[in-house]
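Beneath this line is the structure, given in structure tokens, with notes to follow.
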């Protein structure tokens, strides 16, 4: 016997050659349960309703016709010996689609006029599931990019002290003039290429530092720059450029995935918070008090085991508002930021307004002005 299998929002239907319903396997009648089953099938995963329905007819099936190749592949994985073909435009499917609402009302056991509301609710639930899945994929991209950025920073922090010491043979004064590692590499590259003050400025060094380097170059006791150190500096310069590219990539992802969190915390800090929480949705589920001390594992451990003071902040110390604040205000500012971050993350996950973050940012700035003004 040739049979035809069709998936509907309320269950799976088995049809005969006339397009008549001969059997069905019903989904749960709550919208979320039905949406989960639809999503699993669309993702190529088997569900009990499908297994049960096909199993009941396995001995009678000559050819089982299906409406999509993905559904055929799913059936063949579960029932390797079955003869399954894709034929969405065969008459039984066409006839079934004309009476689909009638059949769905029969399967679900509700009136046809009430069916519309159920279908809308199932569609909304399915959309939410798909959005969450899309978010989780982008979450993973953010977390992997942050992990790569951290490894890159660790590598640079390990290499730079040795490079500074090595370059001091050629110009010992540079180490004390330029504290920032990236600016040091830019300056060293310019010096290695016999550049002057104008070249240092074009390389992005502040005017005062460029002037001091230029003066030091006239009096330096160092020897001429050799090719070996020039090559090392060139490699480090590329690493810093790579870091900048990764940071911009993270910023683009964050503006897409978590625009409100980006406005409140900044894209890079927001990405680190997502990484520490294990995902945007997990961050949105955390209370503000936990977000405030996220990343302060060592301080929390010491507080729990040795009775030291509890931490006032964790990774939020990286926020310029906290880092540059007087010590006595840091706890209050971290708490303020954590509260707004919690709201922003929840809206990014569960809401649709991409502009709330700007309003939250304004509220933060107003509150900061009051705190600093006493």
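The values are calculated or read from the model by the stated rules, or taken from the named source; none is laboratory data. On a predicted model such as this, the values are computed, not experimentally measured, just so you know. Ideal geometry is used to build each Cβ from the backbone, glycine not excepted, and the neighbour counts take in all protein chains shown.
Things to note:
- Looking across the stretch 192-227, the residues that are modelled with pLDDT under 85 and part of a helix (DSSP H, G or I) come down to 219, 227.
- Residue 112 being in contact with a helix residue (DSSP H, G or I) (Cβ under 6 Å, 6 or more places away or on another chain), at negative phi and touching a residue at least 40 places away in the same chain (Cβ under 8 Å): no
- Test for residue 90: is it surrounded by 13 or more Cβ atoms within 10 Å (Cβ to Cβ) and assigned by TED's automatic domain parsing to the domain that holds residue 11: yes
- Per-region count, the stretch 322-350, residues loosely packed, with under 15 Cβ neighbours inside 10 Å, closer than 23 Å to residue 286 by Cβ and without any contact (Cβ under 8 Å) to a residue 24 or more places away in the chain: 1
- Filtered residues of the stretch 321-332 (kept if assigned to a helix (DSSP H, G or I) and farther than 19 Å from residue 260 by Cβ): 322, 323, 327, 328, 329, 330, 331, 332
- Scanning the stretch 301-319 for residues that are surrounded by 10 or more Cβ atoms within 10 Å (Cβ to Cβ), assigned to a helix (DSSP H, G or I) and without any contact (Cβ under 8 Å) to a residue 24 or more places away in the chain yields 301, 302, 303, 304, 317.
- Residue check, residue 5 part of a helix (DSSP H, G or I), touching a strand residue (DSSP E or B) at 6+ places or on another chain (Cβ under 7 Å) and surrounded by 19 or more Cβ atoms within 10 Å (Cβ to Cβ): no
- Within the option set 199, 231, 175, 180, being surrounded by fewer than 17 Cβ atoms within 10 Å (Cβ to Cβ), farther than 30 Å from residue 136 by Cα and in contact with a helix residue (DSSP H, G or I) (Cβ under 6 Å, 6 or more places away or on another chain) holds for one residue only, 175.
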